[in-house]
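Some notes on the structure that comes next.
The values are calculated or read from the model by the stated rules, or taken from the named source; none is laboratory data. These numbers were taken from a predicted model, which means no experiment stands behind them. Quick reminder, even Gly has a Cβ in these numbers, built from the backbone with ideal geometry, and neighbours come from all protein chains shown.
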Amino acid sequence: MEHNNPGTPQMSSEFPSHTTTTTHSQSTTYENSSHFEKEQSLMRWEQDLKLRENALSSQQNTMAAHDPNAPHVVVPGPHATHARPANFPSAYPIMRLNLEEDIAIREYRQIVKFGIFVFLWESAALIYNWVVSIGTIIYSAVDNFFLALFYMIVGVPCLYFLTRKLYRASCVPERARKSYAYLFALIGVIAFNVMFFIGFKRSGMNGLIWVISLFHNKHNAVGAMATISLFMWFVGFFLVCALFIMYLRLNNIKRQRGEINNAGFREYIKTR
């Protein structure tokens, strides 16, 4: 009869050592990390290729318009995408508006679309604020009318240029200076929404205080118009706040994943 001696390799085969399990776990973790890094690298490479392809197509069209026999085209990097020709409106192009070609990352395209909606809402609020001020002329509030007109004339172009800044920042999200400059400008828009919502009397801002005063003095018709203006500023405040949070959050997520390479918001503040 054969006898198995204790301490032989048979015991170790029945009870695998902890070292083998640990080594296998570390190997699996390393492979997962390697796959994630390769995936992020491929995504950045794909984005860069799209930007270069769009820039090449734009430059070829421009050169073909001037010289159909142009022999050579230099492909610019992503930083040259702002030189693309205007295409909107089609009858008389004065600006560039092509989200699919200019903005390679889908999430930024969605934010730009939301930003355009916010621009339209805020512009409508400024125009309607001026319309309400026309009604206040009846009650000798002429200064309120001219201040509201001033806010409309200055505010709408400022909102337009702010939306263009969002458009350009989304084209090259890796440039922290463009992104965070836009975010700081949004803080100013939020502050103005609060001021217009409060609506001091004869300030050109037809908000809460002005509404209370109108109804208190039995000017119900103009008070009802001012109430609509109050509602528009109330909604506008939350729209701008949502746009600020969405853009800041997306920037931080993309930066942490390694899809864009820029400094965080706190690091950017420290460098100013």
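Tabulated results
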| quantity | calculated |
| --- | --- |
| The lone exception for Arg202 - which of (1) within 30 Å of Arg106 (Cα to Cα); (2) not in a helix (DSSP H, G or I) it fails | (1) |
| Subset of region 109-145 (residues that are in a helix (DSSP H, G or I) and of a type in the set (Gly, Ala, Ser)) | Gly115, Ser123, Ala124, Ala125, Ser133, Gly135 |
| Flag if Ala221 is within 30 Å of Tyr139 (Cβ to Cβ) and assigned by TED's automatic domain parsing to the domain that holds Ala125 | yes |
| Checking Pro173 against (1) assigned to a helix (DSSP H, G or I); (2) out of contact with any Leu (no Cβ under 6 Å at 6 or more places or on another chain), the condition it does not meet | (1) |
| Single residue of region 208-258 satisfying the filter (farther than 28 Å from Glu107 by Cβ and in contact with a Ser or Thr (Cβ under 7 Å, 6 or more places away or on another chain)) that is surrounded by the most Cβ atoms within 10 Å (Cβ to Cβ) | Val222 |
| Matching option when the condition is assigned to a helix (DSSP H, G or I), assigned by TED's automatic domain parsing to the domain that holds Val132, out of contact with any helix residue (DSSP H, G or I) (no Cβ under 9 Å at 6 or more places or on another chain) and not aliphatic (A, V, I, L, M), among Phe215, Phe184 | Phe184 |
| Selection from region 142-157 of residues that are surrounded by 15 or more Cβ atoms within 10 Å (Cβ to Cβ) and either under 24 Å from Arg96 (Cβ atoms) or within 19 Å of the chain's Cα centre (by Cα) (or both) | Gly155, Val156 |
